[in-house]
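Enquirer: Here it is, the structure in full.
The values are calculated or read from the model by the stated rules, or taken from the named source; none is laboratory data. Note that the structure is a prediction, hence the values are computed from the model and not measured. Note: ideal-geometry Cβ built from the backbone for every residue, glycine included; neighbour counts use all protein chains shown.
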Amino acid sequence: MTILAVLSYACPLILCSIGALFTEYAGCLALFLDGLVSFSAFLFYTFTVTTGSAILGAVMACLGAVGITLTFSAVVERGGANRFIAAIAMNLLFGALCSCLSSVIFGTRGVLAAELFRFSANSARAATVVVTAVLVAIAAIFLRYGRHGLYIRIAGSDADVLQAKGVNPGVIRTLSWSLAALYGSAAGCFLAMRLSSFVPNISSGRGWMALAVVFLGKKKPLRIVAAVLVFCVADVFSANIQNYISGIPSSLLISLPYLVSLLLIFVK
């Protein structure tokens, strides 16, 4: 497996983790990410097949995911609902929408593939790595130097400070959810692009793993990227080591990435 392949393999989890970081800072963790990633991948497939353009399909998928999240967040904020419960409800909603819309539009709840949805492996990997690098850089700069990035970092711990400055904390929480949706939807698009198809539950738990990675990376963008890379390298290593060394228990290989992650907790 090449370095480019390993990096592209890690990119969806990196994007999900950065998206979750926004919401953790704002005090409203994005528990909907796992469902949103799969839903975005479905939208990407649907819009790409419909329009014949992968770029247009990706843009429409991201806008659709962000639009739904923004609307839901505004309703939650206006109604004063518990955001954690609302996020779990959103996660279930996204999963249900994937199944329902797939059945209605394509007549199946299974794997979706089409001639219009085929991508070169190398091109898909390169695009994934480049776009992810740009998005991570933007997030790091935004959180560190941007005014609204500062507001997001304050919203979760010192919302009263924002109110004293005349800034509505609810608007900042909605902004954090929208950014999480943008990054999560990009991850979904890249997962579908890598497979050249849509597979139900394509996220494979990445949305949930991202929540843990935020804390594993000490809530720092670059540390989060490093933590994901270490995890993914260990995952790729465990998947391929038996080709060279036989007799290693499969249970040990399966647990290796998670053991490495546990060791990272003790690294300051």
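Enquirer: Could you grab me the full set of residues in the stretch 145-184 that are in a helix (DSSP H, G or I), among the small types (Gly, Ala, Ser), modelled with pLDDT under 95 and closer than 18 Å to Val214 by Cβ?
Expert: Gly149, Ala155
Enquirer: Quick one: which residue in Ala133, Ala114, Ala126, Ala96 is surrounded by fewer than 16 Cβ atoms within 10 Å (Cβ to Cβ) and part of a loop (DSSP other than H, G, I, E, B)?
Expert: After ruling out the rest, the residue left standing is Ala114.
Enquirer: Just checking, does the stretch 219-232 include any residue being crowded, with 17+ Cβ neighbours inside 10 Å and in a loop (DSSP other than H, G, I, E, B)?
Expert: No, every residue in the stretch 219-232 fails to be crowded, with 17+ Cβ neighbours inside 10 Å and in a loop (DSSP other than H, G, I, E, B).
Enquirer: If you don't mind, there's one more thing I want to ask. Those residues that are surrounded by fewer than 24 Cβ atoms within 10 Å (Cβ to Cβ) and under 25 Å from Ile141 (Cα atoms), I need them from the stretch 11-54; list them, please.
Expert: Residues satisfying the conditions are Glu24, Tyr25, Gly27, Leu29, Leu31.
Enquirer: With respect to Val236, is the statement that it is at pLDDT below 90, under 22 Å from Val37 (Cα atoms) and assigned to a helix (DSSP H, G or I) true?
Expert: In short, yes.
Enquirer: Give me the pairs, please: first residue somewhere in the stretch 156-170 and surrounded by 11 or more Cβ atoms within 10 Å (Cβ to Cβ), second residue anywhere and charged (D, E, K, R), beta-carbon distance under 8 Å, and either six or more positions apart or on two chains.
Expert: From residues that are surrounded by 11 or more Cβ atoms within 10 Å (Cβ to Cβ), the pairs are Gly156/Glu24; Gly170/Glu77.
Enquirer: A follow-up question, please. State all residues of the stretch 39-96 that are farther than 22 Å from Asn201 by Cβ, without any contact (Cβ under 8 Å) to a residue 40 or more places away in the chain and not aliphatic (A, V, I, L, M); if no residue qualifies, say none.
Expert: Answer for the stretch 39-96, where residues must be farther than 22 Å from Asn201 by Cβ, without any contact (Cβ under 8 Å) to a residue 40 or more places away in the chain and not aliphatic (A, V, I, L, M): Thr50, Thr51, Ser53, Gly67, Thr71, Arg78, Gly79, Gly80, Asn82.
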